[in-house]
1. For the structure I just gave you, tell me whether Gly331 is closer than 30 Å to Ser136 by Cα and either at pLDDT below 95 or not in a helix (DSSP H, G or I) (or both).
2. Residue by residue through the range 308-319, note down the ones that are buried (at least 22 other Cβ atoms within 10 Å of the Cβ) and hydrophobic (A, V, I, L, M, F, W, C).
3. For the range 197-234, which positions are among the basic types (Lys, Arg) and either under 59 Å from the mean Cα position of the chain (by Cα) or not in a helix (DSSP H, G or I) (or both)?
4. If Ile70 satisfies all but one of (1) out of contact with any strand residue (DSSP E or B) (no Cβ under 8 Å at 6 or more places or on another chain); (2) closer than 30 Å to Tyr129 by Cα, what's the number of the condition it fails?
5. Going residue by residue through the range 194-210, is there one that turns out to be touching a Pro at 6+ places or on another chain (Cβ under 7 Å) and not charged (D, E, K, R)?
6. Looking only at the range 413-436, count how many residues are closer than 19 Å to Ala231 by Cβ and either at pLDDT 85 or above or not in a helix (DSSP H, G or I) (or both).
7. Going through Ala293, Ala324, Ala299, Ala266 one at a time, which residue ends up being in a strand (DSSP E or B) and either surrounded by fewer than 19 Cβ atoms within 10 Å (Cβ to Cβ) or at negative phi (or both)?
Amino acid sequence: MRQWLAASLLALSVAGCTAGPNYHIPAGAIATAPAATGAFVNSVEPAFSAEPLPDRWWHLYDDPRLDAYIQEALAANTDLRAADANLRRAAFAIREAQAARTVGTSIQAQVEQTRFGGIDALDIPGTSYALGAGLSYPLDLAGGIRRSIEAARADAQVIEATRDQVRVTVAASVARNYVGVCSANRSIRAAQRVVAVQRSTLGAITRLFHGGRDTAFDVTRAQAAVDQSLATIPTIVAERQAGLYAIAALMGRPIADFPRELVDCATPPEIRRPLPIGDGSALIRRRADIRAAERRLAAATATIGIATAALYPQVSLGAAAGIAGPFSTFGNAASWGGNVGPSVSWNFPNQIAVRARISEAGAAAEAASAQFDGSVLTALQQTETALSGYAREIEHDRALARARDSAAKAVDQANRLFRFGRADLLSLLTVQANLATAETALAASQATLADDQVNVFLALGGGWENQQPIPSTAPHLKGALRAVPQLSPNSSR
């Protein structure tokens with residue numbers, strides 16, 4: 001046994017071994033598949049271009065007020081503040097793991113009063129003392145500490161990616177609610193235009209009724225059409241207010257301090273050129289949830305090494321010095337002592353449990369690998385779905401615009417015919433109802449189209465790059481986290 005132990009220690013020290021597998025993105029990972037890294041299926045649509053997505057995609061709207069709202073939200077949003085605090089906590093966890101490979105110190109002081117009898121029967125009676133200090137340095141021959149640091153760093157990068165995902169969500173939520181508020185105002189104006197047409201008809205019918213040409217029933221039907229159109233407006237106003245309140249909360253403001261200057265927003269911001277979407281490779285590198293899944297896999301791989309290191313002896317160098325004895329000999333040369341040399345600990349009898357933990361870590365890494373693949377598939381699915389929905393909504397919007405124009409033309413024609421007695425009131429009210437339906441559908445489609453634009457950018461995962469650094473309350477953080485890895489088959493830790 002002694003010879004085997006010596007041989008193991010010699011092999012570890014010479015090889016500088018680090019237990020467990022070195023991390024690589026698994027061969028055959030979906031993140032490296034050509035079908036995943038190439039052009040999107042929907043990139044052939046004229047609504048899109050292959051240009052890279054800008055870091056701050058909302059600048060494409062060219063709306064300074066929207067830019068200011070998003071910037072305020074990124075600086076004050078409560079979810080982001082919590083995410084930043086979690087990232088600082090992760091940096092301290094890295095420092096804690098790194099501290100395990102530094103010199104450890106210990107100080108001991110003890111005073112005892114010994115009496116005859118009982119368990120102290122063999123001790124020398126009287127008062128004794130012991131004072132000492134020790135140093136120890138772990139050699140980490142098996143690399144367990146190195147793997148622990150790798151795992152802590154990867155865990156911190158998971159939290160960093162999670163923080164970036166919060167940024168993406170906050171920016172998209174502000175833009176979505178901003179667009180929603182302006183779209184609501186456009187819907188209100190569309191409803192008001194319909195009401196104006198219907199009120200004009202009501203006025204004409206009322207005059208004819210007083211002139212004896214129409215009946216009270218005709219007046220009632222016309223009034224009902226006006227009331228029905230008016231009834232749609234309060235709901236839209238409520239939706240607009242909900243959007244204003246949401247923006248205030250996203251910006252970290254009290255709800256009473258919602259942006260009142262946005263109440264009268266005339267039209268939602270629009271991007272009047274093909275949306276830049278890049279390709280699958282850029283998406284995989286950019287999406288924060290994919291980065292988080294990849295870093296979880298790296299952490300799980302490092303955990304295998306942590307468990308494997310327990311198979312080998314743990315060796316440290318130590319030294320201790322002190323003074324001890326009865327107070328009657330305090331200060332005598334014989335009371336001083338010390339030692340220096342290596343210390344070895346090894347849980348050799350518990351190999352079954354250690355190997356079980358290694359197997360557990362391996363299974364966890366397999367699960368993390370599957371989740372990494374799943375995150376890529378989910379990202380591609382969400383992106384293609386968002387691109388397809390946006391492209392189809394453009395076609396839907398154009399068709400509804402043509403239908404609205406036709407309905408408006410039919411109302412104009414019906415009005416003229418009605419004035420000359422060549423069309424009845426029911427026909428006029430019918431075409432006006434068709435116009436109201438067409439106006440409402442077009443306004444809803446335009447709101448959906450604007451919302452779908454945000455969905456595209458949200459799916460593409462933009463909005464976290466080149467943001468302001470973490471506040472200076474954590475000055476060590478910049479060096480604590482390594483750069484985000486490029487997702488390629490040769491990536492390793």
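1. yes
2. Ala309
3. From the range 197-234, those among the basic types (Lys, Arg) are 199, 207, 213, 221; that's our starting set.
Arg199, Arg213, Arg221 - these are the residues of the range 197-234 that are among the basic types (Lys, Arg) and either under 59 Å from the mean Cα position of the chain (by Cα) or not in a helix (DSSP H, G or I) (or both).
4. Answer for Ile70: the failing condition is (2).
5. So far as the range 194-210 goes, no, none of its residues is touching a Pro at 6+ places or on another chain (Cβ under 7 Å) and not charged (D, E, K, R).
6. Matching residues across the range 413-436 total 1.
7. Values: Ala293 fails: in a strand (DSSP E or B); Ala299 fails: in a strand (DSSP E or B); Ala266 fails: in a strand (DSSP E or B).
After ruling out the rest, the residue left standing is Ala324.
Let's see how each residue does on (1) aromatic (Phe, Trp, Tyr); (2) under 27 Å from the mean Cα position of the chain (by Cα); (3) under 17 Å from Leu297 (Cα atoms):
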| position | (1), (2), (3) |
| --- | --- |
| Thr329 | no, no, no |
| Trp336 | yes, no, no |
| Val344 | no, no, no |
| Glu360 | no, no, yes |
| Leu377 | no, yes, yes |
| Leu380 | no, yes, no |
| Glu384 | no, yes, no |
| Tyr390 | yes, yes, no |
| Asp397 | no, no, no |
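The values are calculated or read from the model by the stated rules, or taken from the named source; none is laboratory data. Source: prediction; values computed, not measured. Quick reminder, even Gly has a Cβ in these numbers, built from the backbone with ideal geometry, and neighbours come from all protein chains shown.
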